[in-house]
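Peer 1: The structure's right below; bear with me while I get my questions together.
None of the figures in this text is laboratory data; all of them are computed from the coordinates on show. The structure presented is a predicted model; accordingly, all values stated were derived computationally and were not measured. Every residue, glycine as well, gets a Cβ built from its backbone with ideal geometry; the counts of neighbours run over all protein chains shown.
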């Protein structure tokens with residue numbers, strides 16, 4: 001009988017401690033912070049006419065997010081995306097590397113800055129083009145273009161996964177479309 005009463009008492013004590021423990025939601029280590037810094041991986045696939053002169057690419061992007069409201073944040077992203085050469089015919093290859101410098105917004109569907117989110121960004125893309133021909137050698141150019149895009153993602157604690165569709169040149173919207181995605185980690189909060 002003493003063992004049964006001891007077991008029941010232990011269960012009540014443990015359940016009371018479990019209810020008294022603080023809950024840990026999204027960004028539990030960064031709770032009360034309004035600025036988060038992180039890094040995202042990028043994997044890009046050019047679409048449409050852009051895929052004729054550019055191939056898949058990968059890179060890294062440094063991110064900053066400032067909480068404006070409970071579910072809305074202002075974002076800044078800067079990084080580098082390098083692309084592999086695209087063979088065009090027998091004697092020609094090309095690629096376009098990009099350095100995005102983007103400002104935007106991030107809207108969380110769920111509470112506590114967790115779960116599904118939508119993002120909108122605009123800014124500058126430094127496009128570094130290279131065309132290599134057997135006859136004339138390598139020709140390079142550097143163009144700064146205004147671009148914009150939108151994406152969706154999912155945030156869980158410090159980690160997020162994201163899928164974006166953006167144009168690297170609004171003036172040639174359909175000729176500079178890129179589908180990109182990646183995994184991100186927010187490593188600091190202030």
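Peer 1: Report the gain in length on full extension from residue 165 to residue 190: 0.36 nm times residue separation, minus Cα-Cα distance, nm rounded to one decimal.
Peer 2: 6.0 nm
Peer 1: Using Cβ counts within 10 Å as a stand-in for footprinting exposure, how do 144, 101 rank, fewest first?
Peer 2: Least to most surrounded, the residues fall as 144, 101.
Peer 1: Let me ask something else. Going by C-beta contacts inside 10 Å, put 172, 141 in order with the fewest on the left.
Peer 2: If I rank by nearby Cβ atoms, fewest first, I get 141, 172.
Peer 1: If you don't mind, there's one more thing I want to ask. With just the Cα atoms defining each centre, how far is the range 42-72 from the range 124-187? Give it in Å.
Peer 2: A separation of 5 Å, based on Cα centres.
Peer 1: If you don't mind, there's one more thing I want to ask. How far is it, in nm, from the label point at residue 85 to the one at residue 175 when both lie 7 Å from their Cα along the line to the Cβ?
Peer 2: Taking the two extended label points, one gets 2.4 nm.
Peer 1: Here's a follow-up. Using the count of nearby Cβ atoms within 10 Å as a rough guide to exposure, how do 34, 129 rank from fewest to most?
Peer 2: Fewest-to-most Cβ neighbours within 10 Å comes out as 34, 129.
Peer 1: While we're looking at this one, here's another question. Which shape class applies to the range 26-150: rounded if a/c is under 1.5, otherwise prolate when a/b exceeds b/c and oblate if not, where a ≥ b ≥ c are the square roots of the Cα gyration tensor eigenvalues?
Peer 2: The shape class here is prolate.
Peer 1: Please work out the FRET efficiency for the pair residue 126 and residue 66, using the Cβ-Cβ distance as r and a Förster radius of 25 Å; give the result to the nearest 0.05.
Peer 2: Working from the Cβ atoms, E equals 0.55.
Peer 1: Taking the Cα-to-Cβ direction at residue 105 and at residue 150 and moving 7 Å from each Cα, how far apart do the two end points lie in nm?
Peer 2: Each label point lies 7 Å from its Cα, and together they span 1.2 nm.
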